[in-house]
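A short worksheet on the structure shown next.
Since every read-out is calculated from the coordinates, none of them should be taken as a lab result. This one's a predicted model, so the numbers in the text were calculated from it and none came from an experiment. Glycine gets a Cβ as well: all are built from the backbone with ideal geometry, and neighbour counts include every protein chain shown.
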Amino acid sequence: MNIISITEEFVKKQLDNDTTGHDWHHIDRVRKMALFLWKHENQNYSRVVELAALLHDIGDEKLNVSKESGEKKLLQFLEILLIEDVEKKQILSIISSIGFKGGNGIVPETLEAKVVQDADRLDAIGAIGIARTFAYGGHKGSPIYNPDIEIREEMTEKEYRNGNSSSINHFYEKLLKLKDGLHTKSAKRIAEVRHQIMVKYLDEFFIEWNGRYEEYFN
């Protein structure tokens, strides 16, 4: 088996049964989007970009018992992967800069990191992004919506992970902010469409939630 196939099998084994929206299908979409964005930046194929996209959620704190256990799992896999140390360092650097962390994430410096971050964030918005939001909210035990829970404008990473929120609030606390933080031209173009899908969805959600039935007859 080649390096990519070995990595695919490892990731599938770790995440194939995930129900939070971070399953193998999410990983595969991010991988394909990252390679698409990389190509549109007029770049030749990058194994580092593909491997970083495939591995970007393996060490994620929210998908592991602890941050430390997640990091250990990722490092142990990279240790046995037959690639150069410089590639391993690049992959770890890219992965460390991907997370949103309540708006407290690292700004990526390399094009590789920008592309993988853009790809991951594009999968958080649009039609699939909406579905993933409610899947993760249900997993965490968050309500679909509670008007008594205020939208948080600023928060620490800890508050973002563990604070009181709802799935609908998550759109305002993160998802609607992602479009303006993307890096590549191709990602921004895609995001414009996906952002509007979310805006239209939220408009309809509040028509239904607030019982504004007369709007169907205007």
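Cα gyration tensor of region 1-125, axes a ≥ b ≥ c as square roots of the eigenvalues: rounded (a/c below 1.5), prolate (a/b > b/c) or oblate? Provide the component values of the computation, followed by the final result.
Working: a/c = 1.28, a/b = 1.09, b/c = 1.18.
Because its axes are fairly even, with a/c under 1.5, region 1-125 counts as rounded.
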Region 17-45 versus region 185-218: alpha-carbon centroid distance in Å: 25
Its Cα gyration tensor gives region 1-49 an equivalent ellipsoid whose semi-axes in whole Å, largest first, are 23, 15, 5
Filter K12/K200; K140/K200; K72/K158; K72/K200; K72/K185 down to the pairs with a C-alpha to C-alpha distance above 30 Å, please. K12/K200; K72/K200; K72/K185
For the chain, the longest principal axis of the Cα atoms and the Cα long axis of helix 24-40 enclose an angle in degrees, to the nearest 10, of 80
Radius, Kirkwood style, for region 3-217 when every pair of distinct Cα atoms is counted (Å): 18.2
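Mind checking region 57-163 for chymotrypsin sites (Phe, Trp or Tyr not before Pro) that DSSP puts in a loop (not H, G, I, E or B) and that have at most 13 other Cβ atoms within 10 Å?
none
Determine the shape class of region 60-101: with a ≥ b ≥ c the square roots of the Cα gyration tensor eigenvalues, call it rounded for a/c under 1.5, and otherwise prolate if a/b is greater than b/c, oblate otherwise. Don't skip to the answer; put the middle values down first.
On the way: a/c = 3.62, a/b = 1.43, b/c = 2.53.
It comes out oblate by the Cα gyration axes.
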Taking Cα atoms, the helix 85-96 axis meets the longest principal axis of the chain at an angle in degrees (rounded to 10) of 10
